[in-house]
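The values are calculated or read from the model by the stated rules, or taken from the named source; none is laboratory data. As the structure is a computational prediction, the values presented were derived from the model and not from experiment. Cβ placement follows ideal geometry from the backbone for every residue including glycine, while neighbour counts extend to all protein chains displayed. SASA here: full protein model, heavy atoms, side chains in, ligands and nucleic acids out. Shrake-Rupley method; radii C 1.70, N 1.55, O 1.52, S 1.80 Å.
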Amino acid sequence: QVQLVESGGGLVQPGGSLRLSCVASSDIFNMYVMGWYRQAPGKQRELVADMTGGGSRNYADSVKGRFTISRDNAKNTLYLQMNSLKPEDTAIYYCKAQIFTRQYWGQGTQVTVSS
């Protein structure tokens, strides 16, 4: 069992930035594919970005060039740097850890982009 705890969400104006963090309780953090997902009201949860332990990254088209996913395997922590935020980025952001067929989710952190 892996526990994931997200932090860093909040209210930000359009064009602003936020940095999300996700701390995992696992001794084999580097073996997990880690990802950020989001779910807006009335919409399905969608992939924002994910990253392998070896450093390969994948981004949704809607966030390419604005968001950066990174991880610190020594600190068991995943990050999402979000720049040039737009109102349509408003959602609950979830951290996910996956190894083989096992998936673990965090509780989510709210990001609201509004003036």
Failed condition for residue 41, given (1) at pLDDT below 95; (2) open to solvent by less than 60 Å² (accessible area, probe 1.4 Å); (3) not β-branched (Val, Ile, Thr) = (2)
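Going through region 47-64 one residue at a time, which ones are among the acidic types (Asp, Glu), open to solvent by less than 50 Å² (accessible area, probe 1.4 Å) and over 12 Å from the mean Cα position of the chain (by Cα)?
First, pick out the residues of region 47-64 that are among the acidic types (Asp, Glu): 50, 61.
Still in the list and also open to solvent by less than 50 Å² (accessible area, probe 1.4 Å): 50.
Scanning region 47-64 gives no hits.
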How many residues are open to solvent by 30 Å² or more (accessible area, probe 1.4 Å), modelled with pLDDT under 95 and among the hydroxyl-bearing types (Ser, Thr, Tyr) when one looks only at region 6-29?
-> 1
Would you check which residues across region 44-70 are under 17 Å from residue 5 (Cα atoms) and modelled with pLDDT under 95 and list them?
-> none
From the option list 84, 26, single residue qualifying as over 15 Å from the mean Cα position of the chain (by Cα) and on the phi > 0 side of the Ramachandran plot is 84
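Could you please let me know if residue 99 is open to solvent by less than 60 Å² (accessible area, probe 1.4 Å), among the aliphatic types (A, V, I, L, M) and at pLDDT below 95?
yes
Table: residues versus (1) in contact with a Lys or Arg (Cβ under 8 Å, 6 or more places away or on another chain); (2) more than 13 Å from residue 89 (Cβ to Cβ); (3) of a type outside the set (D, E, K, R).
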residue	(1), (2), (3)
8	yes, yes, yes
11	no, no, yes
16	no, no, yes
21	no, yes, yes
32	no, yes, yes
39	yes, no, yes
49	yes, no, yes
73	no, yes, yes
Sort out which residues of region 40-63 are more than 17 Å from residue 18 (Cα to Cα) and of a type in the set (S, T, N, Q), and write them in order of number.
-> 44, 52, 56, 58
Hey, which of the strands (runs of 3 or more DSSP E) in the chain, taking only ones fully inside, have at least 2 residues that are without any contact (Cβ under 8 Å) to a residue 24 or more places away in the chain and of a type outside the set (D, E, K, R)?
-> 57-59, 67-72
